[in-house]
Amino acid sequence: MRTHCLAALFATLIPALFPAAALAQAWPSRPITLIAPSSAGSTPDTVARILAQKLSEQLGQQVLVVSRAGASGNLGSESVAKAAPDGYTILLGSIANTINPHFMKGLGFTLDELAPVSSVAAAPDILVLNPSVPANNLRELLAWMKANPGASMGIPGFGSTPHLSSLLLKSIGGVELTLVPYQGGGAVLTGILGNQVPMVFATSVSIIPRLRGNQLRGIGVTSAKRLVSMPELPTLAEQGLTGFDVTAWFGVFAPAKTPKAIIDRLSEETRKATASPDVRKRMMDLGADPLGSTPEEFGAYVKSEYAKWGKAVSEAGIKAE
């Protein structure tokens with residue numbers, strides 16, 4: 001009886017003495033909503049679903065992915081920035097969160113309203129063509145583009161990495177392009193598969209299955225190095241576009257005032273998920289490199305990316321078209 005009473009006493013005292021630890025252990029007590037700020041089938045949506053499945057297993061609570069496209073990802077991001085800071089509404093953010101503020105005014109929220117939790121994955125873009133375009137490499141494509149000035153290039157909104165890659169292609173490649181904005185990456189895929197636009201830059205996660213199925217033709221990767229999952233596809237830099245290097249990244253964010261104990265727990269679980277063999281394999285099969293970081297490490301990286309793209313946009317004089 002005495003032992004039982006002591007155990008009950010300690011169970012009562014521990015939450016009072018260590019409130020942060022108690023909070024982290026109590027969370028989550030109900031399902032979590034993970035917002036993917038893009039259309040269903042897009043890269044953020046795909047990465048979010050891989051992560052959500054593993055987090056659901058680890059946390060013992062369902063992590064539900066909700067795709068919320070619009071305004072180049074800003075609508076979904078704003079919904080999380082304005083959500084209750086209780087750990088039950090989180091964001092699968094991306095490099096777009098550090099690029100968009102330099103393109104757009106009046107976003108409705110600031111990056112400071114989102115708390116970095118952990119990086120998740122990184123993936124470059126791939127320049128892909130509809131099979132109707134008579135080109136099998138960058139040299140042939142540039143020749144075709146110069147013979148067809150103003151050819152259409154689909155992009156999933158302004159400020160995205162495909163948008164930046166398109167602008168770099170115009171600048172470094174010396175060609176004229178007509179950029180056609182779509183509502184998210186899924187819509188862009190529909191556009192090129194239906195030959196509404198002849199070419200797009202698409203993140204490797206969303207496009208590699210289409211390339212392996214010979215539905216589209218890959219021309220080159222936007223990163224400095226070739227993809228491990230598709231080493232036969234050369235980079236654009238090695239085909240003549242020196243200095244071409246654009247790589248998208250994805251990471252988890254929460255509303256800024258979310259308790260640190262919950263942020264730390266979510267970060268720990270996210271790192272555990274991205275380090276698991278099954279998630280690593282699924283990510284790498286799609287052309288993404290699995291990542292993972294502490295809130296402090298991810299926060300420092302987000303700040304550096306914000307500064308990097310702000311400088312790039314300013315120096316290039318790039319504005320939303």
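Points worth noting:
- If you go through the range 29-45 and keep only what is in a helix (DSSP H, G or I) and hydroxyl-bearing (S, T, Y), you end up with just T43.
- Hey, V246 among the β-branched types (V, I, T) and loosely packed, with under 15 Cβ neighbours inside 10 Å or not: no
- Of all positions in the range 51-70, none carries a residue that is of a type in the set (A, V, I, L, M), open to solvent by less than 20 Å² (accessible area, probe 1.4 Å), under 18 Å from P156 (Cβ atoms) and touching a residue at least 40 places away in the same chain (Cβ under 8 Å).
- Restricting V200, V175 to residues that are more than 18 Å from A36 (Cα to Cα), buried (at least 19 other Cβ atoms within 10 Å of the Cβ) and out of contact with any Gly (no Cβ under 7 Å at 6 or more places or on another chain) narrows the list to V175.
- Criterion: small (G, A, S), farther than 17 Å from T247 by Cα and touching a strand residue (DSSP E or B) at 6+ places or on another chain (Cβ under 9 Å) - qualifying residue of A202, A135, A122: A135
Matching residues to (1) out of contact with any Pro (no Cβ under 9 Å at 6 or more places or on another chain); (2) closer than 18 Å to S132 by Cα; (3) at pLDDT below 95:
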{"residue": "I172", "(1), (2), (3)": "yes, no, yes"}
{"residue": "E176", "(1), (2), (3)": "no, no, yes"}
{"residue": "L179", "(1), (2), (3)": "yes, no, yes"}
{"residue": "Q183", "(1), (2), (3)": "no, no, yes"}
{"residue": "I192", "(1), (2), (3)": "no, yes, no"}
{"residue": "Q196", "(1), (2), (3)": "yes, yes, no"}
{"residue": "M199", "(1), (2), (3)": "yes, yes, no"}
{"residue": "S204", "(1), (2), (3)": "no, no, yes"}
{"residue": "I207", "(1), (2), (3)": "yes, yes, yes"}
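- Scanning the range 28-50 for residues that are at pLDDT below 95 and either over 13 Å from the mean Cα position of the chain (by Cα) or surrounded by fewer than 17 Cβ atoms within 10 Å (Cβ to Cβ) (or both) gives A40, G41.
- Of all residues in the range 298-307 being open to solvent by 70 Å² or more (accessible area, probe 1.4 Å) and in contact (Cβ under 8 Å) with a residue 40 or more places away in the chain, the one that is farthest from K225 (Cα to Cα): Y306
- Residue that is within 17 Å of D45 (Cβ to Cβ), open to solvent by less than 10 Å² (accessible area, probe 1.4 Å) and among the hydrophobic types (A, V, I, L, M, F, W, C), where the choices are I192, I207, I219: I207
- Pick from the range 71-112, criterion of a type in the set (D, E, K, R) and touching a residue at least 12 places away in the same chain (Cβ under 8 Å), ranking: surrounded by the fewest Cβ atoms within 10 Å (Cβ to Cβ): D112
- Matching residues, the range 272-290, being at pLDDT 95 or above, buried (at least 20 other Cβ atoms within 10 Å of the Cβ) and not hydroxyl-bearing (S, T, Y): A273, V279
- Q239 open to solvent by 10 Å² or more (accessible area, probe 1.4 Å) and in contact with a Gly (Cβ under 8 Å, 6 or more places away or on another chain): yes
- Any hit, the range 115-130, residues being of a type outside the set (A, V, I, L, M), over 29 Å from E305 (Cβ atoms) and modelled with pLDDT of 95 or more: yes
- Of the residues making up the range 250-259, those that are surrounded by fewer than 24 Cβ atoms within 10 Å (Cβ to Cβ) and in contact with a strand residue (DSSP E or B) (Cβ under 9 Å, 6 or more places away or on another chain) are P255, A256, K257, T258.
The values are calculated or read from the model by the stated rules, or taken from the named source; none is laboratory data. This one's a predicted model, so the numbers in the text were calculated from it and none came from an experiment. Every residue, glycine among them, receives a Cβ derived from its backbone with ideal geometry; neighbour counts consider all protein chains shown. When the accessible area is computed, the model is the full protein with side chains, heavy atoms only, and any ligands, DNA or RNA have been set aside. Shrake-Rupley method; radii C 1.70, N 1.55, O 1.52, S 1.80 Å.
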